[in-house]
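Worksheet: the structure to be examined is printed underneath.
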Amino acid sequence: MTDSARRPSTSAPPGGRASSRGFAVAVAAVWGALVTAALVAVTLALRDRLPEPMAVHWSGGSVPDRSMPFAGDLATGLALWGVAWLFLLGAALHGAALRGRPTRVQWWGFLFGWAVFALGVQGATLLANLDAGDWRRALLPGWTVLAVLGAAVAVGVLAGWLARGGPDRAPDPEAKAPSLRLRPGRRAVWVSRTSNPWLLALSGVALTGSAGAVVLAVMGVLDGPAAWTTAAATALTALLGLATATIQVRVDAGGLRIGFGPLARPAYRVPAGAIESARAERATPGQVGGWGLRGVPGTGRTTLMLRGGEHLVVRRTTGGEFAVSADDAERGAALLNAYAAESDALRP
């Protein structure tokens, strides 16, 4: 073994300081406190020059059409920023949002871009109401909205770009794939079951809505066609949700089988002879674009994302990869590689 192999790596992670949980939490805490202080201090400093109530919504160009008490406007401005800030702070404490480059860009971009948006909305409201005397005279120039949105997007994009860090480490193509040795004549089976409780809950809500539409139609509260259309749409949504909220991943001598729904049917199969290799990886929804069946352009990879964490990744002999959420994915990959090697050895 060479000295370089024995020496532990001291290189920084691909994201550098941007991917450091402690650094992100510190920045989010300080930045959030400053934005909150600015929202409160500026609004209170202008209190005597603002009408009571204040105009808070404009339509037909710059004409105000809705008002709110001063305290309500201040609370709304703080909520607009505070909810997002607490969510981002929680994501940084968890750390998953900072591990991958795509989610890291989104986190940093949203932290600064949304702050500019919240400050801009509150600032535009104060500017329109300043010295107006009555909220009906608080005119808001049309360009103000475009300016706030443009500034927020520009700052968010810049912050995300500056904090993007290095590219994520790609799997080492020379790394040895996990495998195990099967005894002659013996067969093993590996099964992993994964569920998304949030998707199950949403499916339950949709199913309840469908049943409610049917009841209202029977009672004559809703028009028949409208009720049945609503019931059919929500029932279809519920069925699709149930089918994709729970999956069963199975590896046996036949290859890979992914069963959908509580009964693991229907199923998607990849024969052992069509598999080049398998491995385990960790992935998050932000890295693949969300939950469900996702494909990242240019990667040749499709992911069935039910939750962040371990995934079983299968590379086909025809090229392309398929990843699916699965616990104990390394053991499944090892068994799948054993069956794939066995199938390859039997090939003429």
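The values are calculated or read from the model by the stated rules, or taken from the named source; none is laboratory data. Just so it is clear, the structure is predicted and the values come from calculations on it, not from any experiment. Positions of Cβ are generated from backbone atoms using ideal geometry, with glycine treated the same way; all protein chains shown enter the neighbour counts.
Laid out as a table, the results:
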{"quantity": "Filter result (closer than 13 Å to residue 121 by Cα and among the small types (Gly, Ala, Ser)) within the range 39-52", "calculated": "none"}
{"quantity": "Some residue of the range 275-291 being more than 26 Å from residue 330 (Cα to Cα), modelled with pLDDT of 80 or more and out of contact with any Gly (no Cβ under 6 Å at 6 or more places or on another chain)", "calculated": "no"}
{"quantity": "Which numbered condition residue 222 fails, given (1) at pLDDT 80 or above; (2) of a type in the set (A, V, I, L, M, F, W, C); (3) not in a helix (DSSP H, G or I)", "calculated": "(1)"}
{"quantity": "Residue 250 being under 16 Å from residue 192 (Cβ atoms) and in contact with a Lys or Arg (Cβ under 6 Å, 6 or more places away or on another chain)", "calculated": "yes"}
{"quantity": "Residues that are more than 18 Å from residue 311 (Cβ to Cβ) and part of a helix (DSSP H, G or I), drawn from the range 233-258", "calculated": "233, 234, 235, 236, 237, 238, 239, 240, 241, 242, 243"}
{"quantity": "Residue in the range 178-197 that is farthest from the chain's Cα centre (by Cα), counting only those that are part of a loop (DSSP other than H, G, I, E, B) and buried (at least 17 other Cβ atoms within 10 Å of the Cβ)", "calculated": "179"}
{"quantity": "Selection within the range 284-308 - over 15 Å from residue 247 (Cβ atoms) and of a type in the set (A, V, I, L, M)", "calculated": "288, 296"}
{"quantity": "Criterion (out of contact with any Leu (no Cβ under 9 Å at 6 or more places or on another chain) and in contact (Cβ under 8 Å) with a residue 12 or more places away in the chain) met by exactly one of 276, 281", "calculated": "276"}
{"quantity": "Condition met for residue 133 (assigned by TED's automatic domain parsing to the domain that holds residue 26 and in a helix (DSSP H, G or I))", "calculated": "no"}
{"quantity": "First in the range 52-77 and in contact (Cβ under 8 Å) with a residue 60 or more places away in the chain, second anywhere and of a type in the set (Gly, Ala, Ser) and part of a loop (DSSP other than H, G, I, E, B), Cβ under 6 Å, 6 or more apart", "calculated": "55/138; 64/138"}
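Matching residues to (1) surrounded by fewer than 19 Cβ atoms within 10 Å (Cβ to Cβ); (2) touching an Asp or Glu at 6+ places or on another chain (Cβ under 9 Å):
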| site | (1), (2) |
| --- | --- |
| 83 | yes, no |
| 92 | no, no |
| 107 | no, no |
| 114 | no, no |
| 129 | no, yes |
| 135 | no, yes |
| 146 | yes, no |
